[in-house]
Every structure is written in C-alpha cells, then in structure tokens.
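Have a look at the structure below, then the notes.
Each reported figure results from applying straightforward, stated rules to the coordinates on display, with no laboratory input. The structure presented is a predicted model; accordingly, all values stated were derived computationally and were not measured. Quick reminder, even Gly has a Cβ in these numbers, built from the backbone with ideal geometry, and neighbours come from all protein chains shown.
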Amino acid sequence: MEHYLDHAATTPVLPEVTDLMVAILREDYGNPSSVHGAGRRAKELVEDARDRVARAIGARPDEIVFTGGGTEADNLALKGAAAKLRGNGEHVVVSAFEHHAVLDAAHWLEGQGFDVSIAPVTPEGRAESEVVAGLVGPRTILVSVMTVNNEIGTVQHIKAIADAVHGKNPHTVVHTDAVQALGNVPVDLHAWGVDLAAFAAHKLGGPKGVGALFVRSGVAVDAIVHGGGQERGMRSGTLNVAGIAGFGLAAEIAAKEVYEKSERLLAMRERLLTGLRESIPDLVVNGALEHRVAGNLNVSIPGTEGETLLLLLDQAGIACSSGSACASGALDPSHVLLSIGSSRQLARGSLRFSLGRASTDEDVEAVLDALPGIVQQARRAA
Amino acid sequence: MRKAVVAMSGGVDSSVAAALLVERGYDVTGIMLKLWRGETANNNSGCCNLGAAEDARRVADVLGIPFYVLNFAEHFEDTVVRNFHEDYSAGRTPNPCVRCNQWVKFGALLERAEVLGADVLATGHYARVRGTERDGFRLLRGRDANKDQSYVLWMLGQRELARTLFPVGEMEKAETRRIAEELGLRTARKPDSQEICFVRDGDLAGYVTENIPGASVPGPLVDTGGNVVGEHGGVARYTIGQRKGLRVSLGRPVFVTSIDAERNTVVVGDRGDLAVGAMDVMELRFVSQAPAPGTRVHVQHRAHGEVNEGNLTADAHGARIEFDRPVEAIAPGQSAAFYSATDPDELLGGGVISATVPAAVPA
C-alpha cells in the first residue's frame with residue numbers, strides 16, 4: 001500500500017477530469033484555430049475552460065494565456081515582461097525563495113543585461129512588502145514574489161506586496177508564481193492587484209503539461225514561443241484541448257473545495273506534527289506554522305540526511321520529498337531552507353510532507369508508525 | 001533475502017554487477033553517487049554526468065530494481081578533490097580514484113548502504129573476494145588480468161571485505177559485455193572510462209590552472225647539479241619520469257627526476273637518475289595483519305603498471321620496500337599495492353608512496 005504525501009510535487013488527476021479528457025481525446029480532435037465544425041467544437045471546449053479558470057482565480061477570461069505548464073508560465077512572465085518593458089528600465093526584483101522556474105529565468109535575464117536584485121525573506125518564511133518594495137526604484141520593471149512557497153508552504157501577503165511595489169513605482173509589473181496557491185488558498189487576482197500570475201494544472205488535480213499565465217488587462221508581455229499567434233500572440237502553438245479542458249474543470253473544483261479541504265487537511269497536519277514531536281522531540285519545523293497552507297509540513301530532523309530518510313520511507317511505501325531534486329535525481333540542500341536561515345546541516349536533514357485532496361488519516365498514521373524507526377536507523381550511522 | 005546496494009556508475013561493469021546479483025536472488029537497490037556540484041562535470045566519461053545517471057536508471061528499470069542518485073558532492077569535494085589539490089600543490093602525483101574508493105565508495109557509501117539496511121555493497125570492480133568471516137577474507141586480482149583493479153582497492157580491510165561483493169571480478173571483460181548484450185542493457189557497448197571524472201575532457205593542465213593556481217606558477221627547471229636549464233609551467237604539470245613537454249635542449253634526453261614544490265622547482269636528469277632502490281609507504285592498510293619484517297612481496301606502483309619484487313618491512317609509521325633491482329620513475333603520492341610473493345594474485349595491502357631512495361650507483 002502506497003501512502004502519497006507529496007501533493008506539492010504533483011497530485012493525482014481527479015477522476016472526473018480524467019473522464020472529461022478521455023472523452024475529448026476520443027471525440028473532439030479538432031484544432032481550435034480551424035473554421036469548420038470540428039475546430040469550432042474544440043474552440044468551445046477551450047473557451048469553456050478559460051471561463052472556468054478565470055472564475056477560479058478572480059480574473060476575466062481574456063486575461064488567461066494557456067501555456068505548457070507552470071514553468072513555462074513563469075518564464076513567459078519574466079522573459080516576456082522584461083522584453084516588453086526593456087525601454088522602461090532594466091531592474092528586476094525576485095524573492096530569495098522563488099521556485100527555480102523564476103530564479104533561473106531571472107538568472108538568464110541577468111545574462112541578457114538585466115540587473116536582478118534578490119529580496120531576502122524572514123526566518124518565518126515570509127517576503128515582507130517593505131523589504132520587497134524597498135528594492136524597487138524608477139528603473140524597476142518587474143517584481144516576482146510567489147504566493148505560496150512550494151517547499152515550506154508559507155503564504156505571502158501578495159496584495160500588500162503589490163500595493164507597496166505599485167506605490168513605489170506604478171509602472172512596475174508585479175508577477176506572482178501562484179502554482180502552489182490554487183486549491184490551497186482562495187485566489188482573487190483582481191483584488192490582489194497583481195499584473196501577472198502563473199498556474200499549473202497538475203498541482204490541483206489536473207494533467208501535467210498544462211498551465212496558464214494571467215496577464216492583467218492593460219498589461220502585455222512579449223511572446224517567448226512564436227508561431228501561429230494563438231493566445232493573442234503571447235503563446236503560439238496548437239492548443240492542448242483536452243489538457244486545457246481538464247485544467248478548467250480541475251480549477252473549478254479546486255476553488256470550490258478550498259475551504260473545506262483546508263479544514264480537513266489542517267486537522268491531519270496537526271495530528272502528524274503532534275505525533276512526530278512525540279517520537280522525535282528535537283524535530284524542527286521549517287518556517288512558521290501560521291500563514292501556511294494546511295497541507296504542508298516541512299521539518300528537519302537533526303543528525304540525519306533527508307536523502308536517507310526519503311529512501312527508507314520509499315521502501316516503507318511512503319512518498320514525500322526532501323530538498324530539491326536536480327536533473328540527475330540527486331537532492332541538493334534546499335535553497336528555500338537556506339534562504340530562511342537554516343544551517344546546511346539542518347537543510348540536508350529536511351522532509352516535506354504535503355497532504356492533498358486524496359490524503360487520509362491512514363496516510364498520516366503510516367508516517368507516524370514508520371518514521372521514528374527510520375530516524376533511529378538513520379542516526380545510528382551518524 | 002539478502003539485501004545488496006550496487007554502486008552504479010552508468011557503465012557496463014556495474015550494470016552487469018547489478019544484473020548478476022538480481023539473478024542470484026539478492027534484493028538489489030541501485031545507487032549512483034552524484035560527486036560533482038552542478039548538473040554535469042564531464043560530458044565524455046566518468047561517473048558524474050547526467051547521461052550516466054540516465055543510463056544507470058534505465059538499466060535499473062530493465063532489471064526491475066529501485067534506483068536512486070545520492071548527493072555526495074560536498075563529501076567528495078571535502079575529501080577527494082581537496083586531497084587532489086593538496087597533493088599537486090605539494091609536488092606529489094595523486095590518485096583520486098584510490099581516494100574515492102577509500103573515502104567515498106568504501107567509506108561513506110558503505111556506511112550509507114548499511115543505514116539503508118543492505119547486507120552488502122557491490123561495485124563493478126575487477127577483483128575477487130575469497131573466504132569467510134571465520135577464516136578471514138582475502139582479496140585477489142580480477143580474473144581478467146587486463147582489467148584487474150585490485151591496485152585501487154588496497155585500502156580494503158576485513159571489515160570492508162566482509163560486506164563487499166565484486167560480481168564481475170570473476171569474469172573476463174568480454175563476458176561482462178556479452179551478458180549486458182544478452183540482457184539488452186543500454187550500457188553494453190559503452191567504452192571504458194579512463195579519465196578523472198571531475199577533470200573535464202581529460203584536460204588536466206587546464207583543470208590545474210583553473211583550480212590549483214598555486215601549482216601553476218612558472219619556476220626554474222634545474223638539473224641534478226642545481227643549474228637552471230629552463231623554465232617549468234607550474235609543478236602540477238609534471239610527474240616523476242616525465243620526458244615530454246620539458247622544453248629544454250641539453251643534447252640528450254632528460255626526465256623529471258624530482259619536484260620540489262616548496263621551492264617551486266622541477267629537477268631534470270638522465271634516465272639513470274630515475275632509478276629507485278627503495279621507497280617509503282605511508283597510510284598503510286593490510287587485508288589481514290601486517291606481514292613479518294622482510295617479507296618478500298610483489299609491488300605495483302601504478303595502475304596497470306609492472307610488478308617489482310622486493311622486501312617489505314612495516315612498522316606503526318609506515319613501510320620501507322627494498323627492491324631487488326632498481327625501479328624506474330616512482331612518483332610520491334601514487335599508491336603502492338603489495339601482492340603475495342607466493343600467490344601473485346593475492347593483494348596483501350598497500351599505501352601511499354611518501355618518498356623514494358635513489359638506487360646505489362653501480363661501481
């Protein structure tokens with residue numbers, strides 16, 4: 001029996017989403033750009049999905065650009081906005097604990113002559129609006145701060161950050177990587193006042209390889225993928241109809257269930273943390289527990305290697321994660337934990353449990369049963 | 001069921017080692033070590049690149065075993081790479097593969113394998129382990145004399161051998177490749193890696209210039225009488241016995257005979273000046289107990305190098321080897337492996353060469 005506590009990595013596809021996608025793959029093969037009936041039916045499916053995604057995130061349908069995933073949406077936000085706004089300045093601000101989709105895109109921009117500032121975050125795992133806005137000047141074209149951190153689950157006060165940045169420079173475009181947000185916190189982009197926001201379908205019960213960039217009406221980004229001019233020229237390429245439709249349905253369900261799901265996951269997380277603290281008293285919780293999505297628990301266990309714990313948990317049928325996996329599959333000490341002031345030692349001994357819609361009490365109990373023995377085994381060698 | 005961790009490099013030998021253990025009924029887990037920071041160190045060879053990880057992963061898939069990549073980059077840098085830099089800076093000639101076996105594979109990884117619940121660690125080395133816990137273990141050269149790797153395993157003692165398997169050590173290399181072909185493993189025809197895995201494209205000079213600047217400072221090239229005869233390009237570029245790339249013309253062939261890193265001086269001399277009559281070896285390890293003073297041994301001082309006979313006398317500080325006949329060009333920093341004079345396949349132990357004594361000039 002496998003216990004899956006890695007929903008921040010990806011989520012199981014919802015059965016209703018699978019059904020919808022399979023039906024579309026079987027029947028609706030049309031190209032949404034075509035004029036004929038098959039094309040028009042496909043186009044309707046895409047536009048239905050656009051409506052659903054827009055409603056789920058507090059946006060208008062014409063503000064949604066579908067992409068090939070969250071990483072692409074982040075890249076489009078950073079590179080597309082930077083290219084578009086080059087005439088206004090060359091300064092970009094990103095927070096220290098962004099996902100690599102943002103950090104590495106920013107690093108690439110540096111190579112293209114842009115000037116990138118990294119906004120530090122607090123030990124609690126928060127990017128403070130004054131700190132971020134403090135880095136903004138007249139030449140700042142773009143600020144990127146994630147809504148929910150993927151490793152420690154802390155939720156940023158994006159509205160305060162957007163307000164503070166716009167207060168300092170009304171022309172600065174504010175982007176938020178909201179990939180971990182939808183389904184875990186209520187998302188209301190118009191109320192937040194951001195200009196760009198990235199989403200990924202597979203984090204909320206949708207398929208992999210589909211995402212979206214919210215581009216606020218009145219804002220534009222240059223394309224990074226050129227071709228047929230789909231998505232109002234901002235993202236060319238024949239649309240992934242089934243994937244987009246699946247994304248739309250998943251987004252609708254995620255937004256509808258967010259409060260109920262959070263309440264349920266919070267109780268499970270509290271049980272998990274209480275149980276772990278009993279058996280591993282020196283366990284350290286990474287980041288503050290308040291302002292954190294309900295399903296996330298990130299802990300460090302002194303005197304252990306996260307890698308070892310992960311393997312032993314895997315052998316016990318428990319899936320969770322530690323640090324960030326590089327291309328080879330090896331784990332590097334998490335830049336997120338280092339950014340909130342963890343020592344390298346503690347960062348190496350970290351574990352992230354992320355609960356989701358399908359999580360059960362049995363999953364939590366399985367961890368509580370297995371982990372103490374595994375920690376003991378891992379510490380024996382140290 | 002006995003549990004085995006197989007250290008997989010993405011090459012054919014460790015692939016087949018894993019396959020053989022699966023066949024023998026072990027519960028096998030494949031582990032690759034990421035030894036280098038960043039995604040890739042060397043695109044052409046070695047054990048740390050991304051393609052190798054994918055190859056090993058696909059082999060594990062075919063064998064139906066779990067496969068993980070463990071990040072040992074910091075440990076590798078703190079031990080093997082640091083030692084490599086220190087040795088070159090001191091004018092020695094390091095052997096990083098030996099150090100990796102000592103500190104990483106049969107050090108940290110063996111420990112990690114134990115934590116992961118493994119009874120044994122297997123690698124793709126060509127060497128053979130014989131014996132039992134009760135009677136003691138012996139380490140023999142691999143059956144394929146051309147591929148034998150016992151030289152780089154001199155640091156293994158009873159504790160390590162009790163928990164180590166070398167499944168391909170019992171085979172000829174051709175047989176290893178044949179098994180890989182039969183199983184359809186994608187690594188079957190991969191060429192053997194020769195280079196130091198963290199030195200990109202085998203460009204040692206470039207690596208040294210970039211990473212060990214202190215050992216790349218030009219200095220005097222002198223003859224054995226102390227006369228300056230040229231300039232050297234940094235002590236790390238030279239090894240004892242080297243003839244090429246000296247850029248001096250004395251009207252006769254000259255060789256590097258010693259390296260004085262402290263004075264940043266490289267000494268050249270005639271071929272006769274390379275003759276070594278005895279050498280000192282430190283950091284001794286013996287498979288079993290240390291042999292009695294004056295024990296006859298066969299000594300190898302280079303990977304795939306020749307074997308020389310002599311007498312070994314070891315004490316707590318190190319060993320002195322007196323060679324029967326002068327031996328040419330022995331470089332401090334390199335490993336010495338001792339084999340039994342009665343069974344030249346049996347490794348007795350080894351260590352790191354610390355100093356050499358010139359052979360007496362024939363009267």
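Axis angle, to the nearest 10 degrees, between helix A:37-57 and the longest C-alpha principal axis of chain A: 50 degrees. The Cα center of the stretch B:237-251 and the Cα center of the stretch A:218-253 differ in position by 65 Å. Between the listed residues A:Leu312, A:Asn286, A:Leu272, the Cα displaced farthest toward the positive end of the dipole of the stretch A:263-312, a dipole computed from Cβ unit charges relative to the Cα centre, is found at A:Leu272.
Bridges between two residues of the stretch B:67-202, per DSSP, are antiparallel at a rate of about 75%. Among the GluC sites (Glu not before Pro) in the stretch B:71-162, those placed in a DSSP loop whose Cβ has at most 16 other Cβ atoms within 10 Å are B:Glu133. In this Cβ point-charge picture (+1 for Lys and Arg, -1 for Asp and Glu), chain A has a dipole of about 640 debye about its Cα centre. Close amide H contacts of B:Leu165 (hydrogens built in the peptide plane, cut-off under 5 Å, sequence separation of 5 or more or a different chain): B:Leu121, B:Ala122, B:Thr123. Using θ = phi - 60° in the Karplus curve 6.51 cos²θ - 1.76 cosθ + 1.60, the 3J(HN,Hα) couplings for the stretch A:177-185 round to 7, 9, 4, 8, 8, 4, x, 10, 9 Hz; x is entered for Gly and Pro. Compute the angle between helix A:361-381 and the longest alpha-carbon principal axis of chain A, please, reported from 0 to 90 degrees and rounded to the nearest 10. Once rounded, one gets 60 degrees. Anyone know which of A:Ala83, A:Ala181, A:Ala54 comes out most mobile in the 10 Å Cα GNM of chain A? Checking each option, the largest mean-square fluctuation is seen for A:Ala83. Computed on the stretch B:177-279, with alpha-carbon pairs under 8 angstrom and 6+ residues apart, the relative contact order is 20 percent. For A:Gly125, nonlocal amide neighbours, meaning residues 5 or more places apart or on other chains whose placed amide H falls under 5 Å from its own, are A:Ala288.
Sequentially through the stretch A:61-77, phi angles give Karplus couplings (6.51, -1.76, 1.60; θ = phi - 60°) of x, 7, 9, 9, 10, 6, 10, x, x, x, 4, 5, 4, 5, 5, 5, 4 Hz, Gly and Pro residues having no value and appearing as x. Semi-axes of the equivalent ellipsoid for the protein assembly as shown, computed as √(5λ) from the eigenvalues of its C-alpha gyration tensor and ordered from largest down, come to 57, 31, 24 Å. Only beta bridges with both residues in the protein assembly as shown are counted; by DSSP, about 65 percent of them are antiparallel. Taking amide H positions as modeled 1.01 Å from N, with prolines and chain starts lacking one, the residues under 5 Å from A:His3 and 5 or more places away or on another chain are A:Ile318, A:Ala319. Looking at the stretch B:160-303 alone, DSSP beta bridges between its own residues are antiparallel in about 75 percent of cases. Reported to the nearest whole Å, the Cα centre-to-centre distance from the stretch A:183-214 to the stretch B:13-34 is 43. Post the alpha-carbon centroid distance, the stretch B:268-316 to the stretch B:137-191, in whole angstrom. Comparing the Cα centres of the stretch B:268-316 and the stretch B:137-191, I get a distance of 25 Å. Rounded to the nearest whole Hz, the Karplus-based 3J(HN,Hα) values (6.51 cos²θ - 1.76 cosθ + 1.60, θ = phi - 60°) of the stretch B:316-333 follow the sequence 5, 8, x, 10, 10, 10, 9, 7, 5, 10, x, 10, 8, 6, 10, 9, x, x, with x at glycine and proline. According to the Cα-based calculation, Rg over Rh for the stretch B:152-297 is 1.10, with Rh computed by the Kirkwood formula.
Taking the number of Cβ atoms within 10 Å of each Cβ as an exposure proxy, the fewest-first ranking of A:His91, A:His202 is A:His91, A:His202.
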